[in-house]
Amino acid sequence: MRNFLFGACFALLIVFVYQYCDYRRQGSQEQLQSSALLQQQLENVGKLIVTESNFTQIHNYEDSKKYYFDALTFKKKALVVVDAKAQVSYDLRQMEVRIDTSSKSVVITHIPEPELSLSPKIEYFDVDGGIFNDFDAESLNAISAKVTDSLRVQALQSPLMSNAQNRLISELQQLFVLTNSMGWSLIYRDRTIKEPDDWVFLD
């Protein structure tokens, strides 16, 4: 009888150990599968987001040069019309993400800064210059630099930047939906994202 009880207990112990090992093995496989799926989806999120807008500016350019102790003055002026395309881009291929299978969490460690690029098309009208104060390469480069600076300020103060960030947040919200649906946590800046709108703290 004692041998029978010992044998029964030993058999139950073997079954328990087997089931426990099988449970751990299945859990590890599920985590590996989830990790591989998340990695694949992260590659889909990692793309270039581009937001565009067009700007138009009109500048009245004037310049004068004086000679012979300011006795002679030569002026030049022009109406400068600028049409420009501005682009704000987030290269999410540079986003840095760590997948922690032990805590079932996706940790975003770096989101790239937005990049603003400008493509101005400059046209000159009512050009009035002269031999002693003409529109040479130096003055045209100066006008181009001044116009580009003005466009950059206008773009930064326009809704273009906020529109670009809204597109970024939209992409990150998709990542939150994915991790949340799989029972994983999404963490950014040591903070767990609990709602899709939690990305408002990007600033």
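The values are calculated or read from the model by the stated rules, or taken from the named source; none is laboratory data. Treat the numbers as computed from the prediction; the structure is a model and nothing was measured. So basically every Cβ, Gly included, is an ideal-geometry build from the backbone, and we count neighbours across all protein chains shown. Note: areas computed on protein heavy atoms with side chains; ligands, DNA, RNA excluded. Shrake-Rupley method; radii C 1.70, N 1.55, O 1.52, S 1.80 Å.
Count, please, the residues in region 81-96 that happen to be touching a Ser or Thr at 6+ places or on another chain (Cβ under 7 Å) and without any contact (Cβ under 8 Å) to a residue 60 or more places away in the chain. Total satisfying the criteria: 4. Checking each residue in region 96-115 for being touching a Phe, Trp or Tyr at 6+ places or on another chain (Cβ under 7 Å) and not in a loop (DSSP other than H, G, I, E, B) picks out Ser105, Val106, Ile108. In the condition set (1) at pLDDT 85 or above; (2) in contact with a Ser or Thr (Cβ under 9 Å, 6 or more places away or on another chain); (3) open to solvent by 20 Å² or more (accessible area, probe 1.4 Å), Leu156 is compliant with all but (2). I need the full set of residues from region 152-164 which are assigned to a helix (DSSP H, G or I) and either small (Gly, Ala, Ser) or in contact (Cβ under 8 Å) with a residue 24 or more places away in the chain (or both), in order please. Matches in region 152-164: Arg152, Gln154, Ala155, Leu156, Leu160, Met161, Ser162, Asn163, Ala164.
Taking each residue of region 49-76 that is over 17 Å from Lys146 (Cα atoms) and looking for partners that are among the hydroxyl-bearing types (Ser, Thr, Tyr) and at pLDDT 70 or above with beta-carbon atoms closer than 8 Å, six or more apart or interchain, yields Ile49/Ser89; Ile49/Tyr90; Val50/Ser89; Thr51/Ser89; Ser53/Ser158. Determine if region 180-199 includes at least one residue that is among the basic types (Lys, Arg), out of contact with any strand residue (DSSP E or B) (no Cβ under 9 Å at 6 or more places or on another chain) and under 16 Å from Val97 (Cβ atoms). Taking every residue of region 180-199 in turn, at least one turns out to be among the basic types (Lys, Arg), out of contact with any strand residue (DSSP E or B) (no Cβ under 9 Å at 6 or more places or on another chain) and under 16 Å from Val97 (Cβ atoms).
When Arg167, Arg93 are checked against the criterion of being open to solvent by 50 Å² or more (accessible area, probe 1.4 Å), within 25 Å of Lys194 (Cβ to Cβ), in a helix (DSSP H, G or I) and not polar (S, T, N, Q), Arg167 stands alone in meeting it.
Open to solvent by 30 Å² or more (accessible area, probe 1.4 Å), modelled with pLDDT of 65 or more and within 17 Å of the chain's Cα centre (by Cα): which single residue out of Val88, Val50 fits that description? Val50 is the lone residue from the list that is open to solvent by 30 Å² or more (accessible area, probe 1.4 Å), modelled with pLDDT of 65 or more and within 17 Å of the chain's Cα centre (by Cα). Could you pull out the residue among Ala155, Ala164 that is more than 21 Å from Asn60 (Cβ to Cβ) and in contact with a Pro (Cβ under 9 Å, 6 or more places away or on another chain)? Criteria check complete, one pass: Ala164. Just to check your reading of the model, which residue among Leu118, Leu175, Leu186 is farther than 17 Å from Lys77 by Cα, touching a Phe, Trp or Tyr at 6+ places or on another chain (Cβ under 6 Å) and not polar (S, T, N, Q)? Testing whether each residue is farther than 17 Å from Lys77 by Cα, touching a Phe, Trp or Tyr at 6+ places or on another chain (Cβ under 6 Å) and not polar (S, T, N, Q) leaves just Leu186.
Of the residues making up region 175-196, those that are surrounded by 14 or more Cβ atoms within 10 Å (Cβ to Cβ) and in a helix (DSSP H, G or I) are Leu175, Phe176, Leu178, Thr179, Asn180, Pro196.
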